[in-house]
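The values are calculated or read from the model by the stated rules, or taken from the named source; none is laboratory data. For clarity, every value in this text was computed on a predicted model and none was experimentally measured. Here the Cβ positions follow ideal geometry from the backbone for every residue, glycine too, while neighbour counts run over all protein chains shown. The area values use the complete protein model at the heavy-atom level, side chains included, leaving out ligands, DNA and RNA. Shrake-Rupley method; radii C 1.70, N 1.55, O 1.52, S 1.80 Å.
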Amino acid sequence: MMKLHYGDYSLFLNDGGIEISRKGQLLYLNRRPLCITVKTASTANEFYEGAYDQICEEDGLVTARGNLRLPTGSAFSFTDTYRMTETGCCLNRKVTVLEGGSDIGFSSKVSLYMVQSDKPDDYECFAPGCWYRHNEFAPQGYMGKDLDCEYFWKYETRYALPVFAMRNSASGETVSLSRWAADVTLRNLDAEMSENSVDPSFTIGSIGMSRPAAQTLNYMYYGFAVRKEHPVPLQGLSIDYVYPGSEGQTAIINHYGGLDFHNKPMSLQRVNHPVTPGFTQDYSVCISFDHHDTFQDMMRESWRSTYSRMRDRLFQVDNTQHFHNCMKIFMAYTSKYGDSYGLPFAAQLPDMDANNVSFQFGFVGQQPGIGYLLMRYGILEDIEEAREKGFGILDFWVRAADTASGLPPMCYNPNMQGFEPYPYYIRMLADGLEAILEAWRFLYKRGIEKEEYINFCKKAADWLVSAQNDDGSFYRAYYADGSIRMDSKSNTPSVIRFLIQMYLITRKPEYRAAAVKAGEWSYENAYRQLEFRGGTCDNSDIQDKEAGIYGIWGFLALYDLTKEERWLEAAKGSADYTETWTYAWSFPVFAPWSNHPFNKNSISGQSIIVIGGGADVYMAACSYTYYRLYLITKDPHYLDFAEFIDNNTRQANDLDGSCGYAMPGLVHESAGFALQKMQSHYHWLPWCNFVEAEPAARMYDTFGTYEVSRAKMLDPAQQEALNDIYSDYV
């Protein structure tokens, strides 16, 4: 018997298997750690397991070996090396094909089985950007939504960091599996991935959990399950690393019709390595154990532990120059359309061919926000074009979106010379109102009175007070008459900061009371229950990143106002959640456009938009916020992450014009790249540069620099004084 220690946990290798215990209590095990799944000659998949034959220890390393010989004639040798590190047990596995037999392909699996319970709903799971708690806010058919499935696996490249963690809700015991290093190589892009393909160059693994029946499972292309009894006895519910990767059971949404299939059609996509004698798999994973009182604790520590090992290098960028480039982009593409001012809704890269012209109050259009930045830039830099276009946008919205109720419409189309029938999203409302309020405040401090701006904001704030529900919440979207259009309450945090700032300017207690009530609902639901969903107006009401961002902003504003610890606790919790959507690691991605920045830069810094979705640069909006949070908490991780997103989000930009975009600084809207072949509309929307320029402007106004790297060099006492942003808000 061999024994390794990790904190309170002991790992035993005994009788050919593995056991993990804490203070004498057995928690996890695997009696047959050698596991192979083969693609047979008939393309079905069958799995085989076995125990180690030999275990030895030398210089703190434990090496375990064993062979698996299959009835098909295929044979495999395993060499597993275990060593303890600061972040857990590093397991290096080498699997070599000894004999080919009749099998076509194979994968191997590292698994630990849960001793405390084999019921999936007894565990809260975490996979960054893909699974939170029981995934109750995930879309239908997504991993974890239906716990009656057997295989809950996703390619690790779909995760913002390649880690999956499981916490037993009753005991708090937690186990996580993660890839050891960011050493994924580019797969064979000449072949498309199918239901059950073979690719010797595929180095992506999958991480998740499984609880298979004692039967094989293969789905036909239309989702019919073909099964047969398998002689391998069950071991229960396990956390798994599968190599090469496999996408676990996923519902097939049949958009084309044609099959009268009464059961739930599913898929289970597998990738295999060839069963060629001499072919060797060589990969490493980290297995970590801990005890956490809450899911939030488990999420934060699992993320940070993996982040500390796998965070990509800092990208080098001149954020001062980039800010100026963003402002030049806004100037160049802001035009007058009749009696309206604005930027195109979207323009195709690389030449900025405008797709359509329509102005949104916030969200992807950010028209008042860009108007404020242009006006501010024109005054500070003495650039008349910027000043004129900034005022043009702001004056247009304050005039055209003024209503008797105070609820402004959201989307103006100059071709209609009127507003589109767009939902009155509470999140989009907050975007535009905060920008107009900031514009008023900027001018007021310089002795320029724009009474129509503050009156516009007062009317909207009064409408918010009247629309607030008794429990402090707001609905996701309304109709023009104030009736409910979408009854979810999850966007409530988005208006907190605006209400607080209106209170600071007007001293109307109703605004403060409304902000606190909204904060109390958000504390119990968004923060405590992780109901961060529906933040992106063009997606359904599912778990996402942007709802978390507005949670940080709302709770931090409440803390700035009151200095109450509960609001700081919620701000930190929201920040810990939100950063887990950011690709902190990197892997090779092929961009089909010769002038795309990803052909020379990495994808780190991009962030997953919604569960199961692509990624974009939106985390750039938070660099200023995480830096402020660092100054308040003195937590060095927040400083590291603030600098990371201040730099690495820019990897998607044509920073210096060398990629051939129409102007330096331009960036695409979003992309899917988890399968290493980039998919994108390859177009620009105004928000893309806005979320990079806006926090830079806040950094400059607060700390006198556009760079987090320079702000952190200021005198600590000076930083702390400057960070008290509401001390002289008006």
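Structure notes:
- Residue within region 155-167 that is surrounded by fewer than 18 Cβ atoms within 10 Å (Cβ to Cβ) and assigned to a loop (DSSP other than H, G, I, E, B) present: no
- In the set (1) in contact with a Gly (Cβ under 6 Å, 6 or more places away or on another chain); (2) within 25 Å of N647 (Cα to Cα); (3) aromatic (F, W, Y), Y341 fails one condition alone, (2).
- Odd one out for G548 among (1) of a type outside the set (A, V, I, L, M); (2) touching a Ser or Thr at 6+ places or on another chain (Cβ under 8 Å); (3) farther than 23 Å from Y425 by Cα: (3)
- Number of residues in region 198-231 that are crowded, with 18+ Cβ neighbours inside 10 Å and hydroxyl-bearing (S, T, Y): the value is 5.
- Output for region 561-598, where each listed residue is of a type in the set (A, V, I, L, M, F, W, C), open to solvent by 10 Å² or more (accessible area, probe 1.4 Å) and touching a Phe, Trp or Tyr at 6+ places or on another chain (Cβ under 7 Å): L561, L568, V589, W593
- S171 being outside any loop (DSSP other than H, G, I, E, B), farther than 23 Å from P277 by Cα and either open to solvent by 20 Å² or more (accessible area, probe 1.4 Å) or small (G, A, S) (or both): no
- Qualifying residue in region 141-151 (condition: open to solvent by less than 30 Å² (accessible area, probe 1.4 Å) and either charged (D, E, K, R) or in a strand (DSSP E or B) (or both)): yes
- Region 549-560, subset in contact with a Phe, Trp or Tyr (Cβ under 6 Å, 6 or more places away or on another chain) and open to solvent by 10 Å² or more (accessible area, probe 1.4 Å), residue nearest to L504 (Cα to Cα): D560
- Among the residues of region 675-704, the ones that are of a type outside the set (F, W, Y) and over 23 Å from V364 (Cα atoms) come to 6 in all.
- In region 11-65, counting only strands (runs of 3 or more DSSP E) that sit wholly within it, the ones holding 2 or more residues that are open to solvent by 30 Å² or more (accessible area, probe 1.4 Å) span 17-22, 25-30, 45-50, 54-58.
- Boolean, G129 is buried (at least 22 other Cβ atoms within 10 Å of the Cβ), touching a Cys at 6+ places or on another chain (Cβ under 8 Å) and at positive phi: no
- Within region 1-10, tally of residues that are out of contact with any strand residue (DSSP E or B) (no Cβ under 6 Å at 6 or more places or on another chain) and either outside any loop (DSSP other than H, G, I, E, B) or surrounded by 15 or more Cβ atoms within 10 Å (Cβ to Cβ) (or both): 1
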